[in-house]
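Quick notes on the structure that follows.
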């Protein structure tokens, strides 16, 4: 083990019904407790969230309502989880923005206090982004093994972007990845512009990302109180929502696409 530990380190990850800290719930929690000696203890629990798991979330983590209908609720295991984490520092990937706030919310909802002021917290995603920056300069170095001269001049950046895309196709063409839901392997990157479009932009509706196509190809809102709800369904039940968007500071492209979707219901009648 490379890590020098003074306290036990609890590395954990959550699978949830969604990403709203207040409204969504945990469906699985896994904790690896690493002792200063290097000894590891693992605790993994499926959890009944007491609310339906959206299909989009199930497609990501592979856990469906049927899988957790007989699992304990988080309230039933909250004290057990808190006890397991007692005296531990905490670590994970993106834990600061998501996992710790979500876990704290669930524990407090169950009446169990979760204090982090005496714990050290390490987010490996921050280290990753710090050491492997996601910039054009870094991509150019990684894919092309060259330093980007005159970075942030439009021409240099444009030429570098072309070189990066060309190198990405060469590196990833015919590389198989596994679908986490089905276990089947497929090749997402093909040397074909339509195929590349489908893996980078196929769900886009407006450039601001206020609306996207969901996994069923239905246009849904991607923000606010109607996030993930079909656009036409919202406009039908709450016609004033259209006017609210049109009359407020949304991008003109967003207003244009929303109007096109609204008019499509009449064209399809």
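Bear in mind that the values in this text are calculations on the coordinates, not laboratory data. Source: prediction; values computed, not measured. All Cβ positions, even for glycine, are placed from backbone atoms using ideal geometry, and neighbour counts span all protein chains on display.
General observations
- Highest-first arrangement of 184-196, 135-147, where packing means the average Cβ count within 10 Å: 135-147, 184-196
- Considering segment 1-57, its Cα convex hull presents a mean projected area of 5.1 nm².
- Helix-only CD estimate at 222 nm, as mean residue ellipticity for the chain, using -39500 (n - 2.57) per DSSP H run (n ≥ 4): -11500 deg cm²/dmol
- Dividing the convex hull volume of the alpha-carbon atoms in segment 211-267 by its residue count gives 81 Å³ per residue.
- Compared with the rule-of-thumb size 2.2 N^0.38 Å for a compact globular protein, segment 9-128 has a Cα radius of gyration ratio of 1.03.
- Length-normalised contact order of segment 206-269 in % [C-alpha pairs under 8 Å, at least 6 apart]: 28 percent
- Bridge type composition, the chain - antiparallel percent by DSSP, nearest 5: 75 percent
- Rg/Rh (Cα only; Kirkwood hydrodynamic radius) as it applies to segment 163-247: 1.13
- Within segment 9-128, percent of DSSP bridges classed antiparallel, to nearest 5: 70 percent
- Cα extents of segment 109-190 along the three principal axes, largest first (Å): 57, 39, 19
- Overall dimensions of segment 61-128 by Cα: Rg and Dmax, Å: 13.7, 39
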